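The values are calculated or read from the model by the stated rules, or taken from the named source; none is laboratory data. All figures in this text were calculated on a predicted structure; none of them were measured in a lab. With ideal geometry, Cβ positions are generated from the backbone for all residues, glycine too; neighbour counts draw on all protein chains shown.
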């Protein structure tokens, strides 16, 4: 299959030599070489060659390019594969049935795809051209299909197949795919592997978004165990699953391909048939329980007749009463049936004959709107329960109706304020956890590997910004300017992503988030980077946690060097002052070098003094010495209140 | 220490095939031979004290004691009717060997050996006569040793081998010391790691 000649982008960024403590560990699902073995990469190309594409690899590419620093990558096994979700072919007028499937690696990225036919034609005949967007229309690429019947989207694991028939100019097909996800087993194995090697990192970046507090619990379990079991000190950045895309019922419309001769036969009260002389109903997607609409006949035009039987050549209908007729002028369109049922004062249901509300993204508690039905349009109502084929509404009194689902739009509505309030509640249990930074929201960023401008987690932007500076510098320092090429706005310049300044609620919920500034400069900034430590504690600020971790690690390694040393004891078994002072001097010299030295961006802390206990009895076996590090962090301006005196 | 140095000097000289016995003051009285090397404290010069040469952990060195001592070499030429110069010539041969041996002995003992002065002295029984039956050379030197901090049983202070640490990092922001003691952590400091 020929594609439009284009320039390819080869990621050949090279990072500089690794400075101590400047390594970022990236955890992400991969389809290739998912051995949870940490490997250091200075080149995104090398990482892509080894693991193939994934969200983690995409983050790493951005990180290396922006910071010129290497990363430690841990490829996690895929525990939950990416899945095809919402599809919408209702706007298609051509007869080619478009299907989407995963390739051998599975779906590897979350996409919001739009395929728009620009030059129509018959599948298998050269000349068809379409534009394809994987990022909700933000960017698109022109694809010449040639004589091919499928197109594999590079890197993403998506294969788009075109059934026989026609594509018509301006037809639009939409679909969504979710990204794969790891599980607690993979994460635990990764942490064990990380502990077995010697490279230390400032932070972990969890590439995939986490859906609930259970998953954040997996992360905190491992990052805390990294301290308690492995004596290493770090924190993890993760992002809460975004509000968008909102769940929407798939709308699949099937069309009879070509102009076969159709024979309509009146059989009885039920079971009337439509037989075709060429082609196949099953190949074209018609299925039992679908509703079909026929037009273009002399005597058999009807709307939403239920199919009770399907073979390649024969459709059997339920109660639709046909008249004997043979014609090659008919148009047949079908789609899964949507049945609205009045059950009682509450609990009315909407049942679909195929497809899945769960796959489409609906969950109990969602507020939905319904439009396009004959008698059951709903402004808003809550979903009481949801299964693959049944939505049960909380309060709306439905009217019995059966309609082709391609006519009806059921979609979730969720305002930013409602969403952030729900996230606050959902993650409220993640408290007093200073080793995890949870972010909300997304920003648009061009992926250097795929060329799409995906909506990426705010945690990615925060992490990249923090590694562009020393670890004591907050990633929300305004003087550093907006996040380079990270966007909150749509093509018209309207802010569409979560903006803490406008929408609010994220910081109150303890989330790292993005913002704009009322008086500029234009662009996206990180509002604050917060750990889930106690509210407004020193260690609730991620940059303070970074400094504290370095302090902990320095004390740990320098005191470890003293293991086995003998200290001179007083008569009571305590160490002599001279012995302790000598030990303290060694530790404090290391601390001074790591934290107090004047660096390009200033010292990392104001004071760091380790003191050994004078009261420990070291004449016992084993002799344990207690020490406390008194770490005074740099203060950071967050609020400036100005009074203007007018006279 | 001087007694032990004398014994070790004896051993060293024997290794160089030097037949002259090395004795201390009491031992000299029991000798029947003229030729001898007498090692003894220099009571006139006494001792001096300096700071420790290097830092030792245990036992701790408080000072170095520089001990004044002297070696008197008695030599007698084997020639019949030897004159004074012949006796002195023999003495100088012994002096050279003694100086070399002392350097090695004290280096092994890690005591610093420093020759101070040397002179020929009049034999007590040659006073009033011009007949010399031998020559005596007095070599004054110092030899130092560490003054270690030990108890009466010469035991150094006990030691404890560190097996483990309990580490805590407390984090605070710069502010007024809550208890006025800069060596303690503020009461409201947060715990970053440890207990």
Unique residue being farther than 21 Å from residue A:198 by Cβ, in contact (Cβ under 8 Å) with a residue 12 or more places away in the chain and either out of contact with any strand residue (DSSP E or B) (no Cβ under 8 Å at 6 or more places or on another chain) or crowded, with 19+ Cβ neighbours inside 10 Å (or both) when the list is A:67, A:99: A:67
Counted residues in segment A:124-172 being assigned to a loop (DSSP other than H, G, I, E, B) and either crowded, with 20+ Cβ neighbours inside 10 Å or touching a helix residue (DSSP H, G or I) at 6+ places or on another chain (Cβ under 8 Å) (or both) come to 9
Does residue B:179 satisfy the criteria of being surrounded by 12 or more Cβ atoms within 10 Å (Cβ to Cβ) and more than 7 Å from every other protein chain (Cβ to nearest Cβ)? no
Give all pairs with beta carbons closer than 6 Å in which a residue from segment A:622-633 that is more than 7 Å from chain B (Cβ to nearest Cβ) and farther than 17 Å from residue A:549 by Cβ meets a residue that is at pLDDT 95 or above and surrounded by fewer than 21 Cβ atoms within 10 Å (Cβ to Cβ); count only pairs at least 6 apart in sequence or on separate chains. none
Residues being over 55 Å from the mean Cα position of the chain (by Cα) and more than 10 Å from chain B (Cβ to nearest Cβ) - total across segment A:559-590: 2
Would you mind stating whether residue A:593 is more than 8 Å from every other protein chain (Cβ to nearest Cβ) and over 52 Å from the mean Cα position of the chain (by Cα)? no
More than 30 Å from residue B:158 (Cβ to Cβ) and either more than 9 Å from chain B (Cβ to nearest Cβ) or surrounded by fewer than 19 Cβ atoms within 10 Å (Cβ to Cβ) (or both): which single residue out of A:539, A:550 fits that description? A:550
The one condition residue A:598 fails out of (1) without any contact (Cβ under 8 Å) to a residue 40 or more places away in the chain; (2) out of contact with any strand residue (DSSP E or B) (no Cβ under 6 Å at 6 or more places or on another chain); (3) within 9 Å of chain B (Cβ to nearest Cβ); (4) more than 21 Å from residue A:200 (Cβ to Cβ) is (3)
Can you say whether residue A:593 is out of contact with any helix residue (DSSP H, G or I) (no Cβ under 7 Å at 6 or more places or on another chain), farther than 20 Å from residue A:435 by Cβ and surrounded by 15 or more Cβ atoms within 10 Å (Cβ to Cβ), as far as the supplied structure shows? no
Note on segment B:118-154: residues within 12 Å of chain A (Cβ to nearest Cβ) and loosely packed, with under 11 Cβ neighbours inside 10 Å are B:151
Please find, among A:392, A:385, the residue that is part of a strand (DSSP E or B) and without any contact (Cβ under 8 Å) to a residue 40 or more places away in the chain. A:385
Residue that is over 40 Å from the mean Cα position of the chain (by Cα) and either facing another protein chain (nearest Cβ under 8 Å) or assigned to a strand (DSSP E or B) (or both), where the choices are A:647, A:606, A:643, A:619: A:619
Does residue A:531 satisfy being farther than 25 Å from residue A:428 by Cβ, touching a residue at least 24 places away in the same chain (Cβ under 8 Å) and within 14 Å of chain B (Cβ to nearest Cβ)? no
Have a look at B:169, B:184 and point out the one that is within 12 Å of another protein chain (Cβ to nearest Cβ) and free of Cβ contacts under 8 Å to residues at least 24 places away in the same chain. B:184
Residue check, residue B:5 in a helix (DSSP H, G or I), within 25 Å of residue B:111 (Cα to Cα) and either in contact with a strand residue (DSSP E or B) (Cβ under 9 Å, 6 or more places away or on another chain) or at pLDDT below 90 (or both): yes
Listed residues B:96, B:125; which is in a helix (DSSP H, G or I) and modelled with pLDDT under 90? B:125
So how many residues does segment A:622-637 have that are within 39 Å of the chain's Cα centre (by Cα) and either surrounded by 10 or more Cβ atoms within 10 Å (Cβ to Cβ) or farther than 26 Å from residue A:540 by Cβ (or both)? 6
